[in-house]
Each structure stands twice: as C-alpha cells, then as structure tokens.
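I have placed the structure first, in the form of structure tokens, so that the comments after it can refer back to it.
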Amino acid sequence: MNSTLVQMTLLMACGVAWRMLCPAGLTAVQTRLVLTSFVYYLLLPAMVLDVLWTADIGLQSLQYSVLGVSSILLAMLCTWIIGKLLKFEGRRLGAIMLAAVPNVTYLGLPVIEQTFGAWARSVVIQMDLFAAAPIVLTLGILIARHYGEDPSETPKSTLSFLNAPPFWAAALAVLLNLNGMVAPIWLTGVLQKLSAAVVPLMLVSLGLALNWQAVTARNIPYVMPVILIKMLLMPLFALFLASYLPMEGKYKAAAVLDLAMPSMVLGVVFCDRYRLDSALYAMAVTVTTALSLTTLPIWHGVLINEFLK
C-alpha cells in the first residue's frame, strides 16, 4: 500500500509542478481541461467498455450501489446537520456537502487497482457509475442550485447526466455482457491500450487541481467537519454496512477503501458554475487529499484484518 501511494504521489507531484512552472505557457486550468476532457470523452469510456463487458454484473452490482449510495447520503446528511447547527452560510454549506462525496475514480481507480489488482477496476467503475456519479449529477446539482445561484436561463434536467460518454459505454457494455457477446481480440487490445492511459492522466490531472493557495486559516472551521465525516465516519459506516452484504471479502475491502477516498475534484466545477464557495471547496479537496496519504494505509490495514484474514 505504501509503495502504491508513493507512486501516486509522484504522479500527482507532476501536476503540482506543472501548476507552478506552466511549461509552454499552458496554465494548470488549461492543461487540466484538456486532460480531463480527453479522459472523460475517450479513455474512460474505453475502460468502462473493456471492464464491464466481462464483469460479473448482477446482484453484486446492486450491492455496490446500496453501499455507495447509503454511505454518500449519510455523509451529505451529516455535513448538512453540522452546517445547520453551526449556521454556515448557504454558499459554504453547499460546498461542504459536495465535498462529502469521495473521489472514487480519479484517485480511487489508481489506488484500488494498484493495491488489489486489475480485477478491482470493476469494483471502482461500478461504484462510480451505479452510486457516486448518479448522486453527484442529480442530488449534487440540486444542492448546488439550492445553496448557490443558477446563471443559466433554462436549467438542464437532473437526469441529463445519462447523456454522457461513460454512461453510453456502460449501457453498451452491460448489453453486450448480458447477451454473452465476446469481444474480438483486436478490439480488446485497443480498449486495453486506451485504458492503460487513464490512471496516469487522472493522477496528473488531480495534481493540477490541488491548490495550496486556497488553504487559509479562516476556512479551517468549515473544512474540519468534512475531514471528520469524509475520512472517518463515512468509511466506518461503509465498513459496518459492508459486513452485512453477501459478497466475497476482497470485494468488500475494495469497495470500502474506494469510499475512504478524499473529496472529489469534480465538485469544484459545480461550485464555480453555481457560485458556491469555490475556495473553500478547493481547500477541502487539497487537505483531504494530503491527509489521505496517511488515512488510506490505516483503512487498508483495518480492511485487510476485517475481510481478508
């Protein structure tokens, strides 16, 4: 696990270095937009198609959904309760509620795959497509609209997230999988080569998104609930819930560790669009990502002892 995190840290450091140096005059924002778009529209759909085409889809997929949705909703609810009790301003409350969602793909995929093996890709992708992404792109948008401002004259439907390349790829993969279609060798080779680029580009992009200038003393009281709920309470609840699910121990361990990831990067897009507190959100992502280098090995040890004795 420690070796994996060292590798991940070095790749993220490449993104951090790019942010500081701006080679060829390309800023972190410009570079991250290109990288994330390339991954989102081509590489990630290729990986989704490659993995879900041969994955064991069925009751276990439903269990991933139950585990992920329940854990994320609990984290969001807890941040809302704390925010209401402490009377956080709406823009800040909306930001910390979004920050309760884990970075199941951009950091979860490389960490889980490197820690458990290639089979764990399926766990991460199903946790994302069947749990995290639907919540973020429905409830997450509703939260952002409620606590922020919607600048568009005709707001998009909350179900518009289904009109996205990873979901098209997932629908096609599930259809091919359930009908017993076998992928041609040449197509499998192409999909695997495209998939191989996902992890390093995701990590470099994550490094580009980290902004230490956003870390300020005045935001510490607002970030503390995110740290406690996201890095402690949420994985603890996921561990408890997973112990009652009828799936093999290694799948439970991978799924729970995925939910122990730091705050998702995507939320900053919603904060910018709906005018929430983007600086606060950026600090939450940066701080929880840094802390995850310590918390993830701890949770990994707990999960190994609990599910893989």
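The values are calculated or read from the model by the stated rules, or taken from the named source; none is laboratory data. In this text the structure is predicted, and so the values were computed from the model without any measurement. We place every Cβ from the backbone using ideal geometry, glycine too, and count neighbours over all the protein chains shown.
For the stretch 198-222, the set of residues classified as surrounded by 15 or more Cβ atoms within 10 Å (Cβ to Cβ) and either modelled with pLDDT of 95 or more or of a type in the set (Gly, Ala, Ser) (or both) consists of 205, 207, 209, 214, listed by residue number.
When residue 71 is tested against (1) modelled with pLDDT of 95 or more; (2) within 19 Å of residue 256 (Cα to Cα); (3) more than 16 Å from the chain's Cα centre (by Cα); (4) among the hydroxyl-bearing types (Ser, Thr, Tyr), exactly one condition is not met: (3). Entry remark, the stretch 250-289: residues being closer than 16 Å to residue 8 by Cβ and without any contact (Cβ under 8 Å) to a residue 40 or more places away in the chain number 0 in total.
Scanning the stretch 23-51 for residues that are touching a Leu at 6+ places or on another chain (Cβ under 8 Å) and either closer than 30 Å to residue 122 by Cβ or at pLDDT 90 or above (or both) yields 31, 32, 35, 38, 39, 42, 43, 46, 47, 48, 49, 50.
Matching residues to (1) not in a helix (DSSP H, G or I); (2) not aromatic (Phe, Trp, Tyr):
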{"position": "232", "(1), (2)": "no, yes"}
{"position": "236", "(1), (2)": "no, yes"}
{"position": "241", "(1), (2)": "no, yes"}
{"position": "247", "(1), (2)": "yes, yes"}
{"position": "253", "(1), (2)": "no, yes"}
{"position": "261", "(1), (2)": "yes, yes"}
{"position": "276", "(1), (2)": "yes, yes"}
{"position": "281", "(1), (2)": "no, no"}
{"position": "287", "(1), (2)": "no, yes"}
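So, of the residues in the stretch 31-71 that are touching a residue at least 40 places away in the same chain (Cβ under 8 Å) and not in a helix (DSSP H, G or I), which turns out to be surrounded by the most Cβ atoms within 10 Å (Cβ to Cβ)? So, considering only residues that are touching a residue at least 40 places away in the same chain (Cβ under 8 Å) and not in a helix (DSSP H, G or I), the one surrounded by the most Cβ atoms within 10 Å (Cβ to Cβ) is 55.
Out of 191, 175, 187, one residue alone is within 13 Å of residue 45 (Cα to Cα) and modelled with pLDDT of 90 or more. It is 191. The numbered conditions (1) in a helix (DSSP H, G or I); (2) within 18 Å of residue 261 (Cβ to Cβ) are all true for residue 92 except (2).
Considering only the stretch 102-119, state which residues are of a type in the set (A, V, I, L, M, F, W, C) and crowded, with 24+ Cβ neighbours inside 10 Å.
Of everything in the stretch 102-119, those that are of a type in the set (A, V, I, L, M, F, W, C) and crowded, with 24+ Cβ neighbours inside 10 Å turn out to be 104, 107, 109, 111, 112.
Considering only the stretch 107-159, state which residues are in a loop (DSSP other than H, G, I, E, B), at pLDDT below 90 and not small (Gly, Ala, Ser). Residues satisfying the conditions are 107, 149, 150, 151, 153, 154, 155, 156, 158, 159.
Among residues of the stretch 272-282 being buried (at least 20 other Cβ atoms within 10 Å of the Cβ) and modelled with pLDDT under 90, the one that is nearest to residue 100 (Cα to Cα) is 282.
Contact annotation: residue pairs with Cβ atoms under 8 Å, 6 or more positions apart or on different chains, pairing a residue in the stretch 190-205 that is closer than 16 Å to residue 37 by Cβ with a partner that is surrounded by fewer than 17 Cβ atoms within 10 Å (Cβ to Cβ), are 194/42; 201/38; 204/14.
Can you tell me which residue among 20, 12, 8 is assigned to a helix (DSSP H, G or I), at pLDDT 85 or above, surrounded by 14 or more Cβ atoms within 10 Å (Cβ to Cβ) and touching a helix residue (DSSP H, G or I) at 6+ places or on another chain (Cβ under 9 Å)? That would be 12, the only listed residue that is assigned to a helix (DSSP H, G or I), at pLDDT 85 or above, surrounded by 14 or more Cβ atoms within 10 Å (Cβ to Cβ) and touching a helix residue (DSSP H, G or I) at 6+ places or on another chain (Cβ under 9 Å).
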